[in-house]
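All remarks here apply to the structure that follows.
The values are calculated or read from the model by the stated rules, or taken from the named source; none is laboratory data. Bear in mind the structure is a predicted one, so any value in this text is a computation, not a measurement. Backbone-built Cβ (ideal geometry, glycine too); neighbour counts: all protein chains shown. The area values use the complete protein model at the heavy-atom level, side chains included, leaving out ligands, DNA and RNA. Shrake-Rupley method; radii C 1.70, N 1.55, O 1.52, S 1.80 Å.
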Amino acid sequence: MSGLATYTLPQLPYAYNALEPYISAQIMELHHSKHHQTYVTNLNNALQAHVAAITSNDIPAQIAQQPAIKFNGGGHINHSLFWKNLAPAETPETNYSEAAPSLVAEIEKTWGSFEGFKKAFSAALLGIQGSGWGWLVKESTAEKGRLRIITTKDQDPVVTRLGDEVPVFGVDMWEHAYYLQYLNGKAAYVENIWKVINWKTAEERFQGSPEDAFADLKAQL
């Protein structure tokens, strides 16, 4: 529809096989080119239908599109953030102590130690029932940015109101993120995801504003 923003699938900043052996090329290709693309396609379709309903003053049709916009919009937001907070193992970006000194200092202040944080975050991930996400977020209104671990259900977007929180990094706990490689071994997936977290990106998000974290999404329009 004329004048309606159209979202596009972001390119990955690495090859599909770059996260092996911890996340297989097969999973990455399916996850990105099929699952994420489906969210983008369905989001655009739902937005177009919503605008058409507004134009025709069809209030029931407007309401009917809200769940699809939330689900697919959340899927697009969450995955766009997720790809950027991953990096090939044993690269400078995955060395948390050197890549994220300010963030690590705040983590240690909040949880007592980095290992204490990893244990708490991993427990939150494994406690998710069904499908969802685990996130480390910074409360942007708090002095110096207080950190919290949160979980979200299905594809609920990590931030529901821009300005409240900054997503520092997230982990996808939907089965499509790991099942082809780990089967029902969620604990092994969670253990290995730490080896490919991009701490450089996490540090930048921790230091930045909510607008900074979502700048890539705006650039995809």
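Given the Cα-Cα distance of residue 209 and residue 194 and 0.36 nm per residue of separation, how much length would full extension add, in nm?
Between residue 209 and residue 194, full extension yields 3.0 nm more.
In a Gaussian network model over the chain where Cα atoms closer than 10 Å are linked, find which of 151, 41, 201 has the largest mean-square fluctuation.
41
So which GluC sites (Glu not before Pro) in the range 69-144 pass both tests, a DSSP loop state and at most 10 other Cβ atoms within 10 Å of the Cβ?
Sites meeting the loop and neighbour criteria: 90, 143.
Probe radius 1.4 Å, ligands and nucleic acids ignored: give me the carbon and sulfur share of the accessible area of the chain as a rounded percent.
Working: 5590 of 10810 Å².
That share works out to 52 percent.
For the range 84-135, what is Rg from Cα atoms divided by 2.2 N^0.38 Å, rounded to two decimals?
Expressed relative to 2.2 N^0.38 Å, the Cα Rg reads 1.28.
Separation between the residue 55 and residue 179 pseudo-spin-labels, each 7 Å from Cα along Cα→Cβ, expressed in nm?
Taking the two extended label points, one gets 3.8 nm.
If I fit a long axis through the Cα atoms of helix 101-111 and take the longest principal axis of the Cα atoms of the chain, what angle between them do I get, 0 to 90°, rounded to 10?
80 degrees
Give me the 1.4 Å probe accessible area per residue for the range 45-87, excluding ligands and nucleic acids, in Å².
45 Å²
Let me have the 222 nm mean residue ellipticity of the chain computed from DSSP H runs of 4+ only, each contributing -39500 (n - 2.57), with the sum over all residues rounded to the nearest 500. Could you put the intermediate results ahead of the total?
Values: 11 runs with 109 residues, N = 221.
-14500 deg cm²/dmol, from helical runs alone.
If N is the number of residues in the chain, what value comes out of its Cα radius of gyration divided by 2.2 N^0.38 Å? Each step should come with its number before you reach the end.
Working: Rg = 17.9 Å, N = 221, 2.2 N^0.38 = 17.1 Å.
Working it through for the chain, the quotient is 1.04.
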